[in-house]
Amino acid sequence: MIMTDQIPADTDRLLLPLGGPQKELLGIIGDTVMETGAWPVYQYVQAKLDDLGLDSEEVFAGLPSFSHLHLTYSLIRRDRNGREEEPVKLTVAGMAHLDQFASTVEMFLQVVNELADRRAAAPFEPGRVVTVEISWPELVTDLGLDGEPLVELLPELLQGEPATWHGPQQRGDAGWIYQPSSHLRRFRSVRDVNDYLTRMRAWIMPPELVPAPQPVSPLGVVAAFDYLDVVWQLKFGRKLVHVPSAERAARLALPVSTSEEFDNRLSALGEMFKGLDAAPDMDAGPFDKMRSFLTRELPAESLPAVRAAINTLFQVTHIRNGGQHFGAETQAAVALPALGLGFPITDHAAAWWIVQTHVINALDTIRVEISGLPNRVQSARPAPAGTPSRGRSRPRRPAGPGATGTARTRT
């Protein structure tokens with residue numbers, strides 16, 4: 001089971017911890033498979049959820065997924081018509097949420113790696129098409145999978161996962177015969193289920209276009225830091241933003257027209273980032289501290305947005321380091337297109353405007369996500385009407401023409 005405080009920053013959204021109803025759904029399916037060796041039909045799953053007072057369609061709709069065109073990949077597979085006799089099956093992503101399927105997930109990834117390697121090692125010829133066929137019983141024996149409790153589900157898993165369903169299967173005299181497709185090259189040396197889902201998402205879904213940033217005020221970045229710091233103090237009882245110097249903060253409001261000015265503003269921004277201290281008792285960088293701290297404090301549904309925001313701040317740091325530190329150019333080359341910037345930067349005024357906008361959006365996102373937490377600092381109650389003020393001096397009138405700094409008494 002994946003624990004919230006153990007989630008790496010780059011974890012795919014399908015692997016984030018689930019809410020109670022969705023956990024119940026996966027548990028019903030998983031327990032049935034372990035007890036019977038077969039997937040439960042929809043009628044049975046619906047009845048079990050009814051016993052728990054849960055609406056099956058609402059529970060299914062609450063499962064995380066990603067979609068592109070006609071394809072939707074989620075934690076389960078089922079007939080969209082809702083026919084009662086259709087089985088409800090777990091995908092590899094769904095199995096990853098259940099401890100009892102850990103070895104099954106590992107087995108599937110091992111098979112994917114082996115199929116990809118055998119396809120790559122096939123003796124292809126320039127003048128004809130070579131069909132690569134792999135005997136299923138032979139593969140199971142070669143990989144030592146005979147003792148796996150759910151090894152019989154592997155042919156079905158291969159047919160159900162987008163990474164492998166392009167490879168046709170047929171029944172031969174010696175058992176199943178599988179023909180790995182060229183698509184498997186994308187999954188060679190896959191490390192774990194997170195790596196598997198990351199590659200699948202990148203393959204199936206086109207990269208999202210970076211939205212055009214909206215105009216920002218010259219004081220927008222400074223205001224975003226201030227606003228986040230105020231909300232942070234309300235929610236956690238301590239400051240987040242420790243300004244290194246007023247001069248550094250003031251640089252963020254200055255215009256940019258040259259490469260040197262752009263680097264200067266990025267340096268000032270980097271100093272502001274270094275002043276972020278989300279967890280004073282933790283020995284780590286400012287963004288690692290914030291990510292670890294907020295992973296513990298925020299509900300699971302807030303984590304994807306917060307992690308994306310922190311990743312944006314990381315990208316800005318990479319751009320700054322790429323221009324000022326030897327050996328950091330590779331990370332900067334990746335960060336530039338992620339923020340909608342080209343290489344090399346030719347319009348430094350526009351580039352600074354884009355960087356500001358992304359930083360403001362990231363800081364605002366973090367602020368919005370923590371705003372839902374209960375306050376730990378109570379705001380001061382206003383004094384009742386008519387209560388005389390204390391310790392407040394009367395406003396001083398400006399001196400008239402020719403007046404000196406010494407008061408005189410007229411006799």
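The values are calculated or read from the model by the stated rules, or taken from the named source; none is laboratory data. Here the structure is a predicted model, which means the values were calculated and not measured. Reconstructed Cβ throughout: ideal geometry from the backbone, glycine too, with neighbour counts over all protein chains shown. Areas reflect the complete protein model, heavy atoms only, side chains present, ligands, DNA and RNA absent. Shrake-Rupley method; radii C 1.70, N 1.55, O 1.52, S 1.80 Å.
Quick one: net charge of Trp165's neighbours, Cβ under 14 Å, K/R +1, D/E -1? Let's see the in-between values first.
Numbers: positive: Arg77, Lys89, Arg186; negative: Glu156, Glu161.
Local charge sum for Trp165: +1.
Among the lysines, which fall within straight-line cross-link reach of Lys23, defined as a Cα-Cα distance under 25 Å, with same-chain neighbours fewer than 8 residues apart omitted?
Lys48, Lys89
Quick one: which residues, 5+ away or cross-chain, put their amide H under 5 Å from the amide H of Ile76? H built at 1.01 Å from N.
For Ile76, the qualifying residues are Thr91.
Give the lysines whose C-alpha is closer than 25 Å to that of Lys289, dropping any in the same chain fewer than 8 places away, or say none.
Straight-line reach from Lys289, under 25 Å: Lys235, Lys239, Lys274.
I'd like the Karplus ³J(HN,Hα) series for the stretch 123-134: coefficients 6.51, -1.76, 1.60, θ = phi - 60°, whole numbers in Hz, and an x wherever there's a Gly or Pro.
x, 5, 10, x, x, 8, 7, 9, 8, 8, 10, 10
Mind listing the long-range amide H neighbours of Thr11? Cut-off is under 5 Å, sequence gap 5 or more, other chains count too, H placed in the peptide plane at 1.01 Å from N.
none
Among Ser189, Ser74, what's the order by accessible area (1.4 angstrom probe), most exposed first? Before the final figure, lay out each step's value.
Values: Ser189 80, Ser74 15 Å².
The ranking, largest first, comes out as Ser189, Ser74.
Take the eigenvalues of the Cα gyration tensor for the stretch 62-139, scale each by 5, and report the square roots as semi-axes in whole Å, largest first.
Three semi-axes, in Å: 32, 18, 13.
Would you calculate the separation in nanometres between label points at Asp99 and Ala223, each defined as 7 Å from the Cα along the Cα-to-beta-carbon direction?
The modelled label-to-label distance comes out at 5.1 nm.
Within 10 Å, count the other beta carbons around each residue, average over each peptide in 137-143, 160-166, and list them highest first. Don't skip to the answer; put the middle values down first.
On the way: 137-143: 14.3, 160-166: 17.6.
My ranking of the peptides, most packed first, is 160-166, 137-143.
Work out from phi, with θ = phi - 60° and the Karplus expression 6.51 cos²θ - 1.76 cosθ + 1.60, the ³J(HN,Hα) of each residue of the stretch 88-99, listed in order in whole Hz, and give x for Gly and Pro.
Computed from phi, the couplings for the stretch 88-99 are 10, 10, 8, 7, 4, 5, x, 4, 5, 8, 10, 4 Hz.
What is the extension gain from Asp281 to Arg201, computed as 0.36 nm multiplied by their sequence separation minus the C-alpha to C-alpha distance, in nm to one decimal?
Values: separation 80, 0.36 × 80 = 28.80 nm, distance 3.66 nm.
Value of the extension gain: 25.1 nm.
Quick one: go through the stretch 112-131 and flag any residue whose amide nitrogen is under 19 Å from the point 7 Å out along the Cα-to-Cβ line of His166.
112-125, 129-131
For Trp176, list long-range residues whose amide hydrogen, built 1.01 Å from N in the peptide plane, is under 5 Å from its own amide hydrogen.
Here Trp136 satisfy the definition.
Through the Karplus equation 6.51 cos²θ - 1.76 cosθ + 1.60, θ set to phi - 60°, convert the phi angles of the stretch 281-295 into ³J(HN,Hα) values in whole Hz; use x for Gly and Pro.
My calculation for the stretch 281-295 gives 8, 9, 9, 6, x, x, 6, 5, 4, 4, 5, 5, 5, 6, 4 Hz in order.
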